[in-house]
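Pasting in a structure now, in structure tokens, and then I'll have a few things to ask.
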Amino acid sequence: MMNIVLEKYHGLGNDYFVFDPNKNELKLTKENVRMICDRNFGMGSDGILEGPIFQEDKIYVKVWNPDGSEAEKSGNGDRIFAKYLKDAGYIQKKHVTFYTLGGAIQVTYLNEDGSRLRASAGKLSFWSDEIPVTGERREVINEDMVFGRTLYPVTCVSIGNPHCVIPMREISKPLVCKIGDYAEIARYFPNKINTQLLKVIDQENIQIEIFERGVGYTLASGSCACAAAGVAYKLGMTNPGVTVHMPGGKLQVEIQDDWEVFATGEVFYIGKISLSSEFGERLRAAASTEER
Ligand SMILES: N[C@H](CCC[C@H](N)C(=O)O)C(=O)O
């Protein structure tokens, strides 16, 4: 049986494997995804993009978090997957549309090798039933929520996946990890949540720290950047077009009048990784155990 081959990319330090099911004989499951993404016992990554999956005339991609959960979308993952489609020869045009659990993603290639891309990440919604957040249906704007016995002013938003954003004067990795750990499993969020701390620099620049659902601390996140930019604009703190500064780099985010949001930024191809036959056997064994 052929060795399993993964293609590794990163978007601003948010690293993903592309697992192409058309080139690999393995069924991905919660358990073997966890094994592959483990940074010590596996290959290490912030997730896996499983695709292209062809259904009728559409292309689908499945977004796996390292904890084995499936995400509705990944902003950096969208741009990475679009570059993979071009690198692997599936796409030759300047635009591509593919589908994730959270809906359609439109991507435009902005340069020849497809390393700079503009992606529509869908529409922002602040409505509690669309995020979801528990309680009566309302827009979740500047609500007091308790994470770890501390009260924070939280604004929640969905962009297909769920986010809670907390504006602060000073933000840091330790603080977002402390709050994010509590928030991710807080009773307010039936589907868990991605957490961002938001520091507004000026009308056109924001800085965020990120604790991702199903991942933990990451250096960058496309959907988190869009969520934080949307909250800053909703709260009247910034323009609809901002640069989002993250530890791994920056994204340009534009919010349209109908709250559709676009993110423009780079991705980078790291390389092709062929797993050992021994590791492949363990991954297959994990899959067959889960199937029983
Ligand atoms: N962990 C996220 C998915 C990946 C988001 C992030 N990597 C991005 O670039 O948007 C979730 O469970 O919703």
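Would you check if there is a residue in the range 203-223 being farther than 21 Å from residue 14 by Cβ and not acidic (Asp, Glu)?
Yes, some residue in the range 203-223 is farther than 21 Å from residue 14 by Cβ and not acidic (Asp, Glu).
Additional query: Check the range 97-120 and report whether any residue there is touching a helix residue (DSSP H, G or I) at 6+ places or on another chain (Cβ under 7 Å) and closer than 18 Å to residue 230 by Cβ.
yes
Being out of contact with any strand residue (DSSP E or B) (no Cβ under 8 Å at 6 or more places or on another chain) and either within 11 Å of the ligand (Cβ to nearest atom) or farther than 18 Å from residue 268 by Cα (or both) is the filter here, so list the residues in the range 67-106 that pass it.
67, 68, 69, 92, 93
Matching residues to (1) more than 12 Å from the chain's Cα centre (by Cα); (2) crowded, with 16+ Cβ neighbours inside 10 Å:
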residue	(1), (2)
38	yes, no
41	yes, no
65	no, yes
74	no, yes
78	no, yes
87	yes, yes
91	yes, yes
94	yes, no
107	yes, yes
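Residues to consider are 275, 235, 197; find the one that is farther than 19 Å from residue 73 by Cα, under 17 Å from the mean Cα position of the chain (by Cα) and aliphatic (A, V, I, L, M). Break it down into steps so the answer makes sense when it comes.
Numbers: 275 fails: under 17 Å from the mean Cα position of the chain (by Cα); 235 fails: under 17 Å from the mean Cα position of the chain (by Cα).
From the options 275, 235, 197, the qualifying one is 197.
How about the range 211-263: which strands (runs of 3 or more DSSP E) wholly inside it have at least 3 residues that are surrounded by fewer than 24 Cβ atoms within 10 Å (Cβ to Cβ) and within 13 Å of the ligand (Cβ to nearest atom)?
Fully inside the range 211-263 and qualifying: 216-218.
Checking residue 57 against (1) in contact with a Ser or Thr (Cβ under 7 Å, 6 or more places away or on another chain); (2) among the acidic types (Asp, Glu); (3) free of Cβ contacts under 8 Å to residues at least 12 places away in the same chain, which single condition isn't satisfied?
(1)
Exactly one condition in (1) under 19 Å from residue 278 (Cα atoms); (2) touching a residue at least 12 places away in the same chain (Cβ under 8 Å); (3) touching a helix residue (DSSP H, G or I) at 6+ places or on another chain (Cβ under 8 Å) is not met by residue 51; state its number.
(1)
Check the range 267-290 and report whether any residue there is within 16 Å of the ligand (Cβ to nearest atom), among the charged types (D, E, K, R), open to solvent by 10 Å² or more (accessible area, probe 1.4 Å) and touching a helix residue (DSSP H, G or I) at 6+ places or on another chain (Cβ under 8 Å).
No - not one qualifying residue is present in the range 267-290.
The values are calculated or read from the model by the stated rules, or taken from the named source; none is laboratory data. Quick caveat: nothing in here was measured; it's all calculated off a predicted structure. Cβ sites come from the backbone with ideal geometry, for glycine too, and all protein chains shown count toward neighbours. For accessibility, only protein heavy atoms count, side chains too; no ligands or nucleic acids. Shrake-Rupley method; radii C 1.70, N 1.55, O 1.52, S 1.80 Å.
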